[in-house]
Structure formats: structure tokens, C-alpha cells
Amino acid sequence: MSTRLSQLFVRTLREDPSDAEVSSHRLLVRAGYIRRQAPGIFSWLPLGLKVRRKVENVIRDEMARAGAQEVLFPALLPREPYEATGRWEEYGDGIFRLKDRKGADYLLAPTHEEVFTLLVKDLYNSYKDLPLSIYQIQDKYRDEARPRAGLLRGREFSMKDAYSFDYTDAGLDVSYQAQRDAYERIFTRLGLEYVIVQADAGAMGGSRSEEFLHPTPIGEDTFVRSAGGYAANVEAFTTVPPIVDVDVATLPPAKVLPSPGTPTIQTLVDLANAEYPKPGGFAWTAADTLKNVVLALTHLDGTREVVVVGLPGDRDVDLKRAEVAFAPAEVEAATEADFVKHPLIVKGYIGPWSALGPVLGEESATGIRYLLDPRVVDGTDWITGANEDEKHVFGLVAGRDFAGDGWVEVAAVRAGDPAPDGSGPVELARGMEIGHVFQLGRKYAEALDLKVLDENGKLVTVTMGSYGIGVTRILAAIAETTADDKGLLWPAEIAPFDVHVIAAGRDEAAFDLASKLVDDLEAAGKDVLYDDRPKLGPGVKFNDAELLGVPKIVIVGRGAADGIVEFWDRRSGDRSDIPVADVLATLG
């Protein structure tokens with residue numbers, strides 16, 4: 001079919017929108033693919049919908065190959081299923097909640113695990129019905145506090161979410177691998193570079209979890225990878241604890257020493273080197289100190305808990321890792337009010353031990369939970385606060401003088417840290433999440449009582465997998481990756497048209513030949529955009545062609561009387577004259 005640009009519902013813009021932060025946002029608005037309605041909310045115009053549908057069709061093709069069947073749920077859902085799984089409370093302010101005229105609670109679905117589970121429960125009751133994989137492509141809603149980057153972080157967005165249902169763990173492994181393979185095919189077809197990384201499942205729960213990240217400087221995620229093949233989101237990175245082989249009985253006792261004016265790690269290290277030289281002629285460093293960071297957790301029931309994390313002084317707390325470690329509680333740095341409520345910890349000189357005994361830990365005088373970084377293992381000795389103003393304790397030994405209530409992974413990951421699988425040091429990179437696969441296990445099936453009869457007639461709980469792809473996010477990621485400084489530049493598989501034909505100039509012969517060419521291309525099954533606007537000069541038409549992003553362009557102009565047209569490959573930039581009869585063969 002063909003579309004005349006003179007009739008297409010589109011207006012291109014010469015100026016960037018004032019609120020655009022990234023190139024995909026700027027170009028999709030300027031080229032007339034989307035329009036902003038509110039922060040993080042966009043309307044889709046005809047060109048945008050054509051590309052979006054093509055992305056969806058690639059996904060549908062590969063879902064079918066993976067054996068998944070398509071369904072469609074409403075976006076407006078009742079409270080009860082989410083309350084049964086505890087997520088009505090867990091989501092906190094992150095979702096849109098509303099009431100109907102009778103006062104019943106509803107939400108705009110941020111995700112659909114519950115209703116998928118209930119649908120299968122309603123229809124299936126035997127192991128003979130399984131395995132089953134079903135999916136939908138549907139809009140989701142999250143009340144992002146700071147929507148940004150156009151389609152990359154919005155309040156309304158489209159996702160493909162698939163769910164597998166098996167009655168054995170082995171069956172789940174097979175279903176999971178089928179979806180994982182399908183994702184690799186999808187991103188390959190769409191021309192998107194991706195890295196598969198180990199990930200934290202977060203509020204979704206479950207065991208095995210992997211993200212598909214598109215490496216890009218504008219990505220919101222930091223991930224690590226080693227030359228030996230390890231890759232993980234920083235939230236899922238696990239620290240390799242040091243091996244310490246020391247008889248703590250041979251270590252000298254801890255000493256409390258004056259340390260005036262040392263509320264920071266650097267001031268402490270400077271004083272220690274000046275006043276208390278390290279044995280053996282070495283210098284003290286921040287890594288010799290034990291930093292004790294006070295965090296405040298707000299739990300789902302509204303209670304506020306102060307916890308202290310002990311970690312090497314050369315490390316900082318990564319709040320994203322802390323949010324994962326303490327989920328679903330909200331995490332923030334402790335406030336002055338928190339310190340007032342806990343006078344036994346002395347700000348700037350906090351430590352797990354004092355001359356009067358243990359200060360931190362659930363069994364201590366403060367009752368404050370004390371969690372340790374995995375590097376703080378038994379036998380390591382530290383300089384840390386003595387819980388007295390302007391005093392620190394030197395030679396405090398883990399496992400002898402103090403112990404934590406557990407371990408926690410909240411320290412920032414650094415380039416050069418060893419990969420946990422032994423594959424070498426890691427490097428850090430930025431990436432954008434474009435897909436995520438989970439083995440949910442039986443969390444939602446147990447909460448919603450999804451069971452089937454097995455081969456022996458015994459009721460067993462179904463095990464599930466969840467597999468998400470951000471459809472609108474993928475579209476924006478492709479725009480980011482393929483665009484140049486002149487405009488969008490779509491891969492052929494998802495371009496809105498197969499070819500963009502331009503009638504250049506005001507010569508009737510050019511318009512006559514262009515119209516005939518469009519008819520021939522349409523008859524050959526090509527989807528054609530025809531710039532037939534009669535009163536615009538070639539420069540304006542060429543600028544719009546570059547902005548709109550169709551990769552193959554045919555210009556019918558001065559050579560029309562001789563049956564010659566210009567073929568323009570937007571991707572390579574090559575332009576060449578060819579006979580009009582050769583256009584179809586050149587397009588391929």
C-alpha cells in the first residue's frame with residue numbers, strides 16, 4: 001500500500017522539545033511519532049504506531065515459535081488479587097490507585113502476575129494441561145516520581161509479559177530456556193545489542209533472574225562484566241570474601257586512643273598515620289578502617305527501624321543495592337531525629353564496641369541491628385569508632401571483639417573487584433533494561449492457591465516463570481542506537497515504510513513518474529511513503545526524509561524525463577542515479 005505525505009497526519013518540527021533529555025525523545029517528537037500529554041505520558045501518532053506494531057509483530061512471531069499463546073487482560077484491575085499476594089501494600093506510592101462509585105479499590109496494573117495466575121486456576125486443574133505459556137502485550141502504569149527520557153522512563157508504557165506454568169521444577173527450566181532463547185532471537189532481529197546479566201528479582205520474587213541490558217551511556221542501570229564471561233547487574237553482584245588465616249588469640253588487644261577532630265574517614269587516616277604509625281612501616285589507608293553507616297528503614301506497616309552497616313572505610317553505600325537488600329522497606333540515610341532517639345551511638349565516632357561492651361547488635365545495649373559487609377570476616381582487624389567523642393579503637397578484631405547480626409551487600413561495586421565465579425576482575429558499564437526473565441517458582445501460585453493434580457492424583461502447587469519485554473522502551477532504544485545527527489534511521493524490519501519516494505521540484509514529469517513508480521511498488525507488495533506535496537522545495541522534503549527515518553529513499557527529479565531516478569541509501573549515505581525500471585530490484 002502507499003501513503004501520501006500530503007494526507008498523512010504528521011507535522012515535523014525544526015526545533016527540539018524543551019523537555020527532551022535524550023535523542024530518542026527529541027527525534028520521535030520532532031518527526032511526529034509521539035506527542036507529550038503529561039509528564040511520562042505520550043500519545044502515539046500514525047508513524048509511531050506503525051513502528052510500534054512492527055516491533056510487536058516481531059515479538060509475536062518469536063512468542064509463537066516459543067509455544068506461547070496470546071491473551072489480553074484489562075489494565076484496570078481490582079484490589080483483591082494484589083492484596084492476596086501482599087503487593088497492594090508492597091507497591092506503596094509506586095502505583096495508581098482509584099475507587100469506583102461504590103468505594104471499591106482498583107489499580108492501574110503495573111504488572112499482571114496475579115490475574116494470569118487466577119485465569120489458569122479458573123480453567124486448569126490437571127498436570128495434563130501443562131506446560132502452558134501465555135502472554136499479552138498491554139499497557140502498564142507506574143507512578144514514577146521523576147519520569148524522564150521520553151519513552152525510556154514513563155508512567156504509561158507497553159510491555160510484553162509472558163508467564164509459564166509447569167508442575168515440576170524441571171518443566172520450569174525448559175519453559176524458562178524457551179523464553180530466554182526467544183528473547184535472544186527478538187533482540188537479534190531488532191538489531192539491538194544486548195548483554196544477559198544476573199539480576200535481582202526485586203518485588204517480583206523468585207529464584208533465577210536475568211536481565212537483558214542494552215549497553216548505552218544513557219542507561220539507568222550499572223552492570224559489571226569480566227573478560228571471563230561473568231555479567232551481573234550491580235544489585236545482584238556478590239562480594240568475594242577475603243580468606244583470613246590468622247589465630248586471633250595472637251593478635252594484640254584492642255586499644256582506645258584519642259582521635260580529636262576526626263569525624264571522617266580521611267581525617268582519621270591522616271591522624272592515625274601522624275600519631276599512631278602502622279607496624280611494619282606501612283601507611284594506614286581507608287581500607288584499614290571500619291565505616292559504620294546508619295540507615296533508616298521504613299517498613300510497609302509504617303514503622304521506622306534504624307540499622308547500622310559496617311563496611312571497609314574505602315567503600316561507600318550504594319543506595320540502589322541497599323534498596324534491594326532491604327526490600328520492600330524504603331531506605332534512606334538516618335536523620336538527626338534518628339540519632340536523638342539513639343543516644344548511645346555517637347555520631348562521627350560510631351563503632352560496634354566500646355570499653356563498656358558491645359554497642360551494636362540486637363543483643364547490645366542499643367538493640368540496633370548491625371549488619372556487616374562480606375569483607376568484614378572473622379580475623380580481620382580494624383580502626384573504628386569507640387562510641388566516645390573524639391576517640392577511636394585500634395585493632396578491633398572481627399569474631400573476637402565484635403560480631404554482626406548478619407551480612408548485607410550494600411557496598412558500591414568498583415572496577416577491578418573480583419568476579420564471584422573466579423573469571424577475573426570486573427569492569428563497570430551502563431545499560432538500559434530491555435527485557436527480564438524470572439523463575440518465579442511457587443510464590444504466586446501458593447498465594448492464590450493454584451494447584452493441579454499430578455500423575456498420582458495428588459494436588460501439587462504449580463511453578464511459574466515470568467518474562468517481560470518493554471515494547472515502547474525497545475522502540476526508544478532502537479531510535480537511540482540507530483539515529484544520526486540528521487534524524488531517525490530505522491532498521492528495515494521495523495521501519496514505518498519499505499521505501500520513501502520523493503517527487504522533487506515542480507516539474508509535472510517528475511510527479512507523473514513518481515506516481516507511476518509508487519503504483520508499481522505498491523503492486524509489488526511494497527509499503528510506500530510518497531512525498532507528493534506540490535508546493536515544497538526539494539530541501540524541505542529531503543530534510544523531512546532524513547528526520548522520518550525510512551532507510552531507502554527514491555528521488556524523482558531532474559532525470560524524470562529520461563526515466564532516471566536517484567536512489568538514496570540513508571544508512572550508508574550513498575546516492576546514485578538508476579533507471580526507474582531498476583528501483584524494485586535495487587530495493588531487494
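The values are calculated or read from the model by the stated rules, or taken from the named source; none is laboratory data. It should be emphasised that the depicted structure is a prediction, and the values quoted were computed from it without experimental measurement. Please note: Cβ atoms are built from the backbone with ideal geometry, for glycine as well, and neighbour counts cover all protein chains shown. When the accessible area is computed, the model is the full protein with side chains, heavy atoms only, and any ligands, DNA or RNA have been set aside. Shrake-Rupley method; radii C 1.70, N 1.55, O 1.52, S 1.80 Å.
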Subset of the stretch 152-180 that is open to solvent by less than 50 Å² (accessible area, probe 1.4 Å) and acidic (Asp, Glu) - its residue that is farthest from Pro131 (Cα to Cα) = Asp161
message = If I filter the stretch 367-377 for residues that are open to solvent by 70 Å² or more (accessible area, probe 1.4 Å) and in contact (Cβ under 8 Å) with a residue 12 or more places away in the chain, do I get at least one hit?
response = no
key: Boolean, Ile469 is modelled with pLDDT of 95 or more, out of contact with any Pro (no Cβ under 6 Å at 6 or more places or on another chain) and not in a strand (DSSP E or B)   = no
ask   = On the given criteria, is Arg101 outside any helix (DSSP H, G or I), open to solvent by 20 Å² or more (accessible area, probe 1.4 Å) and closer than 19 Å to Glu433 by Cβ?
value = no
ask   = Taking into account only those residues within the stretch 113-131 that are assigned to a loop (DSSP other than H, G, I, E, B) and out of contact with any Asp or Glu (no Cβ under 6 Å at 6 or more places or on another chain), which is surrounded by the most Cβ atoms within 10 Å (Cβ to Cβ)?
value = Tyr124
remark   = Selection from the stretch 62-82 of residues surrounded by 14 or more Cβ atoms within 10 Å (Cβ to Cβ) and farther than 14 Å from Ser133 by Cα yields Phe73, Ala75, Leu77, Pro78, Arg79, Pro81, Tyr82
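Residue by residue through the stretch 61-88, note down the ones that are in a loop (DSSP other than H, G, I, E, B), among the aliphatic types (A, V, I, L, M) and either over 19 Å from Lys140 (Cβ atoms) or without any contact (Cβ under 8 Å) to a residue 24 or more places away in the chain (or both).
At the first step, the residues of the stretch 61-88 found to be in a loop (DSSP other than H, G, I, E, B) are 66-68, 71-75, 85-86.
From what is left, the residues that are among the aliphatic types (A, V, I, L, M) are 66, 68, 71-72, 75.
Once the filter is applied, which keeps residues that are in a loop (DSSP other than H, G, I, E, B), among the aliphatic types (A, V, I, L, M) and either over 19 Å from Lys140 (Cβ atoms) or without any contact (Cβ under 8 Å) to a residue 24 or more places away in the chain (or both), the stretch 61-88 yields only Ala66.
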request  = Tell me which residues, restricted to the stretch 452-480, are among the basic types (Lys, Arg) and surrounded by fewer than 18 Cβ atoms within 10 Å (Cβ to Cβ).
outcome  = Lys458
remark   = Within the stretch 486-510, residues being crowded, with 22+ Cβ neighbours inside 10 Å and under 16 Å from Leu190 (Cα atoms) number 6
Hits in the stretch 28-43 (condition: open to solvent by less than 50 Å² (accessible area, probe 1.4 Å) and under 17 Å from Arg153 (Cβ atoms)) = Leu28, Val29, Ile34, Ala38, Gly40, Phe42
inquiry  = Can you tell me which residue is nearest to Lys391 (Cα to Cα) among those in the stretch 349-358 that are part of a loop (DSSP other than H, G, I, E, B) and modelled with pLDDT under 90?
reply    = Ala355
Positions within the stretch 547-568 being crowded, with 20+ Cβ neighbours inside 10 Å and either of a type in the set (Phe, Trp, Tyr) or closer than 21 Å to Asp498 by Cβ (or both), in sequence order = Leu548, Gly549, Val550, Pro551, Lys552, Ile553, Val554, Ile555, Val556, Val565, Trp568
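Let me confirm something: among Asp316, Asp301, which residue is within 18 Å of Ala236 (Cα to Cα), open to solvent by 30 Å² or more (accessible area, probe 1.4 Å), within 29 Å of the chain's Cα centre (by Cα) and among the acidic types (Asp, Glu)?
Numbers: Asp301 fails: within 18 Å of Ala236 (Cα to Cα).
Checking each option against the conditions leaves just Asp316.
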Condition check for Ala483: surrounded by fewer than 23 Cβ atoms within 10 Å (Cβ to Cβ), on the phi < 0 side of the Ramachandran plot and among the aliphatic types (A, V, I, L, M) = yes
ask   = Just for the stretch 83-98: of the residues that are under 16 Å from Ala327 (Cβ atoms) and of a type in the set (Asp, Glu), which one is surrounded by the fewest Cβ atoms within 10 Å (Cβ to Cβ)?
value = Asp93
note = Given (1) surrounded by 20 or more Cβ atoms within 10 Å (Cβ to Cβ); (2) touching a helix residue (DSSP H, G or I) at 6+ places or on another chain (Cβ under 9 Å); (3) modelled with pLDDT of 95 or more; (4) within 30 Å of Ala476 (Cβ to Cβ), Tyr444 misses just (3)
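Please go through the stretch 399-425 and give me each residue that is hydrophobic (A, V, I, L, M, F, W, C), open to solvent by less than 20 Å² (accessible area, probe 1.4 Å) and either without any contact (Cβ under 8 Å) to a residue 24 or more places away in the chain or part of a loop (DSSP other than H, G, I, E, B) (or both), ordered by number.
Scanning the stretch 399-425 gives Val408, Val410, Val413, Ala419.
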ask   = Can you tell me which residues in the stretch 210-253 are in contact with a strand residue (DSSP E or B) (Cβ under 9 Å, 6 or more places away or on another chain), of a type in the set (S, T, N, Q) and open to solvent by 10 Å² or more (accessible area, probe 1.4 Å)?
value = Thr216, Thr222, Ser226, Thr238, Thr239
Matching residues, the stretch 250-271, being over 43 Å from the mean Cα position of the chain (by Cα) and touching a residue at least 40 places away in the same chain (Cβ under 8 Å) = Leu251, Pro252, Pro253, Ala254, Lys255, Val256, Leu257, Pro258, Ser259, Pro260
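Taking the stretch 1-18, which residues are open to solvent by less than 100 Å² (accessible area, probe 1.4 Å) and of a type outside the set (Val, Ile, Thr)?
Listed by number, the residues that qualify are Ser2, Arg4, Leu5, Ser6, Leu8, Leu13, Asp16, Pro17.
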key: Pairs with Cβ under 6 Å, 6+ apart, first in the stretch 574-588 and more than 12 Å from Ala524 (Cβ to Cβ) and open to solvent by less than 60 Å² (accessible area, probe 1.4 Å), second assigned to a loop (DSSP other than H, G, I, E, B) and modelled with pLDDT under 95   = Pro579/Gly563; Val580/Gly563
key: Among the candidates Leu396, Leu428, residue that is in contact with a Phe, Trp or Tyr (Cβ under 7 Å, 6 or more places away or on another chain) and either assigned to a strand (DSSP E or B) or of a type outside the set (A, V, I, L, M, F, W, C) (or both)   = Leu396
remark   = Exception for Met464 within (1) at pLDDT below 95; (2) over 30 Å from Glu21 (Cα atoms); (3) touching a Gly at 6+ places or on another chain (Cβ under 9 Å) falls at (1)
inquiry  = Looking at the stretch 181-199, can you tell me whether even one residue there is among the aromatic types (Phe, Trp, Tyr), over 28 Å from Pro425 (Cα atoms), touching a Gly at 6+ places or on another chain (Cβ under 9 Å) and open to solvent by 20 Å² or more (accessible area, probe 1.4 Å)?
reply    = no
